[in-house]
Amino acid sequence: MVQASPHTGTLSGAIPTAGQIALAQQIVDGCIRSNRGITTVPAAVYTDPEHWAREKALMFGRAPQVLCPSALIPDPNMAVPHDATGRPLLITRDGQGKAHVFLNACRHRATRLVEGSEVQCAKRLTCPYHAWTYATDGRLLALPRPETFPGLEKSDHGLIKLESCEAGGLIWYAPAGGADFADVRTLGSDFDAFAMRDQHLFRRHTHDVASNWKLIMDAFLESYHVARLHAATIGPFFKDGITSGDQIGAHQRSFVARAAELGGVDLGDMAALRRIGTFAYQLFPATVLVISPDYINVMALWPQGHDRTLVEDFMLIPEQPQTDKARDHWERSWKLLDGGVFGAEDFRAAALGQQGLQSGAVSEITLGTLESGIRRFHEICQEQMELAEG
């Protein structure tokens with residue numbers, strides 16, 4: 001419910017999905033209920049290194065995960081390294097516009113193929129050690145002195161490819177084979193309603209947070225804290241807001257708005273919904289989307305241990321700024337959200353929470369009826385780990 005700008009008009013005519021409309025209708029109809037009462041979550045799920053090791057193996061080692069928005073590599077023949085998963089990955093878009101995810105390692109001696117962390121624009125990717133050269137679709141194109149590798153078939157020595165899926169403006173990958181991307185494609189329809197695949201990447205920034213990854217996810221699963229923690233930033237825009245929510249597979253989505261403002265709105269008009277409410281998505285296991293009136297934040301969480309998490313925040317806007325005035329408008333929005341709301345408030349609160357939990361001050365956290373999304377998230381994590389174990 002952050003105030004909209006004139007740029008919201010770029011969404012005119014966009015139609016919400018049936019599920020998105022249903023979330024808004026729940027608020028209009030006053031059908032928001034929680035019959036769970038007070039619930040708890042053990043402190044150990046945030047502090048126990050052994051529990052984190054199990055999560056790493058059963059969730060982050062197997063489940064499909066969002067790597068980045070499509071807008072990070074919008075054009076053919078682009079590539080960007082990604083190291084936060086613990087394995088050197090390379091995300092590319094080939095000459096035909098198809099996205100791929102490979103291991104960022106030359107098939108000759110496993111040398112890192114693309115250095116750094118910035119996007120590269122090139123039709124060919126050349127290893128800095130022996131100059132083996134690859135296309136952005138992973139094919140080995142050439143190698144020096146090929147006669148010294150008798151019998152080598154270039155077709156057998158392309159980059160090692162991981163399963164991936166691009167849908168609705170997000171690029172997902174699966175660290176293990178046999179991944180099911182059905183829910184990813186269903187979610188893609190929701191994100192198409194926000195025109196995410198057509199967005200421009202305005203900024204990206206990685207935060208290093210001294211917190212368990214789930215404490216960060218928790219912040220985006222309830223609105224109880226918003227008026228208080230965010231009192232100096234976005235809190236006033238959420239006064240008296242009501243939250244509805246549901247699931248798509250293991251993924252949660254929510255919508256927060258004031259019932260009085262929704263009453264006279266055409267729920268089939270996405271631009272109108274975004275002017276008065278905020279959609280949010282918690283994509284299993286660890287990605288958050290916050291859909292503001294005229295921009296979108298995608299936050300991909302990458303746990304580095306039980307008490308440290310990297311959060312890469314991407315801000316997507318309708319189009320590349322054409323004037324200094326437009327650029328200043330988006331820069332203010334970026335600083336408000338990334339540096340203020342997220343960096344100085346949500347992530348700070350998560351780090352403070354980790355300190356308290358790590359001290360052993362409490363054996364469990366207590367959740368009220370406005371925080372039932374957190375309890376459900378922890379249940380989903382447990383369910384998914386049990387499924388992975390078979």
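No value in this document is a laboratory result; all are computed from the given coordinates. Note that this is a predicted model, so its numbers are computed, not measured. In this analysis, Cβ positions are derived from the backbone assuming ideal geometry, glycine residues included, and neighbour counts consider all displayed protein chains.
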* Structure fact -> Whole-Hz Karplus couplings 3J(HN,Hα) for the range 58-70, θ = phi - 60° and coefficients 6.51, -1.76, 1.60, Gly and Pro as x, run 8, 10, 6, x, 9, 6, x, 9, 6, 8, 5, x, 4
* **Cross-link partners of Lys154 among aspartates and glutamates (Cα-Cα below 20 Å; sequence separation of 8 or more within a chain)** => Asp94, Asp137
* Within the chain, longest stretch free of exposed GluC sites (Glu not before Pro) [DSSP loop, at most 13 other beta carbons within 10 Å] -> 154-318
* Entries in Lys123/Lys214; Lys214/Lys325; Lys56/Lys161 that, when Cα-Cα distance is taken, lie over 28 Å -> Lys123/Lys214; Lys214/Lys325
* **the chain, relative contact order [Cα under 8 Å, separation at least 6], %** => 25
* To do: Starting from the coordinates of the alpha-carbon atoms of the range 23-118, obtain the Kirkwood hydrodynamic radius over all distinct pairs and give the value in Å to one decimal.
  => 17.5
* Asked: If you find the alpha carbon centre of the range 94-133 and of the range 186-260, how far apart are they in angstrom?
  -> 34
* **Estimated vicinal HN-Hα couplings, Hz - the range 354-364 in sequence order (Karplus 6.51, -1.76, 1.60; Gly, Pro = x)** => 4, 4, x, 5, 5, 6, x, 4, 9, 8, 7
* **Distance in nm between pseudo-label sites at Glu50 and Ala22 (7 Å out along the Cβ direction from Cα)** => 4.1
* Mean residue ellipticity at 222 nm from the helices of the chain, using -39,500 (n - 2.57) per DSSP H segment of n ≥ 4 over the full residue count, to the nearest 500 deg cm²/dmol? -> -7000 deg cm²/dmol
